[in-house]
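A.B. asks: Pasting a structure here, questions to come.
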Amino acid sequence: MEYSYHLSCIVPVYNAEQYLEKCIGSLLQITSISVEIILIDDGSTDSSPILLDKYAESNPNIKVIHQNNKGVAVARNTGIDIATGEYIAFIDSDDWVVPQELTRLYNCAQHNNADMILGNILYISPEDYTYSPFLPLPKSVTEYPLSGKKCAIELLRYNKMVPMATSYLYRRQWINQYHFYFKSILHEDELWTIQTMCLAEKIICTEWTFYHYNQREGSIMHTLDTGKRINSLAYIANQTLTFANQLIQKAVSYTHLTLPTIRL
C-alpha cells in the first residue's frame, strides 16, 4: 500500500503553551522519513490554540484540530480517525522525542512488518533526575519478533509490562482493522496496551530511548482524584479479565516455529 506519510504523530494539547516549542520542535527535526504531525487542541484556554495555528501556517505537514474539551482519550481517537501515515505514534504535548531514534523505530517496524514496536521512555523528574523504570527488558522479548500474546506473557512474567501508549508505534492499517480506540477513563493506556498487544500478530521490543517523559507536578496524572483513580482501575481490571476470557475461549493449539531474526 502507498501512504501519504511514513509516520503520523498524534499530539493532544490542553493548556500546554510553555511546552509546545520543545515538543513540536523535536518532531519537526525528523527529516529522513515523512512525518504528519496531528495537533488536537482539546479546548485549551491559554495561548495554545494560537500557537498551534501558527505552526500549521508554516508547516504543510502539520494538521490542527480544535475541539471542545473532551479529554486525552477522545483527542487521540480524533487523531486516529484523520491519520494517513503507515504507522502511528502518540506524543503528549509536554514531552518530546529523539528524532533519529523515532526514525529508527519506524524503519525497524516497517522492515519487519510489525504491528507494534516498543521503544524506551526516559522519565524526567521535576528535579531533572532521569531514569528508565522498565529497563533492562528480558532477552526473551528483545532477540526475536514475537506474537503479541507471547510478548505480553514474557513482559508480565518479568514485571516489565510497559503500559503507556506513547512507548509504542502502531501500524495504522492494523489499528483500523481492529477498530482500536481509547476509552474515556483515567489510566486509559493500561487497557489500550494490553488489548492491542494481545491482538498483535507481530511485535518487536527494543531498548532504544526515543521519548522523554516530563513528570511535571502540575500534570493531570499528578492531580487526579483518588476515588476516580480507584473506579477507573476497577473498570480496567474487569475489562481486562473479560478480554482475557475471550482470548482463552478462542485459543487454539500452536505449532512451534523457528523465529525470524529481527531486521535492523
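The values are calculated or read from the model by the stated rules, or taken from the named source; none is laboratory data. Source: prediction; values computed, not measured. Cβ coordinates were reconstructed from backbone atoms using ideal geometry, including for glycine residues, and neighbour counts include every protein chain displayed. SASA here: full protein model, heavy atoms, side chains in, ligands and nucleic acids out. Shrake-Rupley method; radii C 1.70, N 1.55, O 1.52, S 1.80 Å.
A.B. asks: Within region 177-204, which residues are touching a Gly at 6+ places or on another chain (Cβ under 7 Å), at pLDDT 95 or above and not in a loop (DSSP other than H, G, I, E, B)?
C.D. replies: Within region 177-204, just 203 meets the criteria.
A.B. asks: Okay, next question. Scanning for something under 22 Å from residue 87 (Cβ atoms) and part of a helix (DSSP H, G or I), does region 119-141 turn up at least one residue?
C.D. replies: Yes, because at least one residue in region 119-141 is under 22 Å from residue 87 (Cβ atoms) and part of a helix (DSSP H, G or I).
A.B. asks: Further question on the same structure: Mind checking which pairs have a first residue in region 17-34 that is farther than 10 Å from residue 96 by Cβ and a second that is surrounded by fewer than 18 Cβ atoms within 10 Å (Cβ to Cβ) and small (Gly, Ala, Ser), Cβ under 7 Å, 6 or more apart or different chains?
C.D. replies: 17/47
A.B. asks: Run down 57, 17, 2 and say which single residue is surrounded by fewer than 19 Cβ atoms within 10 Å (Cβ to Cβ), closer than 21 Å to residue 213 by Cα and out of contact with any Cys (no Cβ under 8 Å at 6 or more places or on another chain).
C.D. replies: 17
A.B. asks: Filter region 60-76 down to the residues that are closer than 19 Å to residue 4 by Cα and in contact (Cβ under 8 Å) with a residue 24 or more places away in the chain, then identify the one that is most open to solvent (accessible area, probe 1.4 Å).
C.D. replies: Applying the filter and picking the extreme gives 63.
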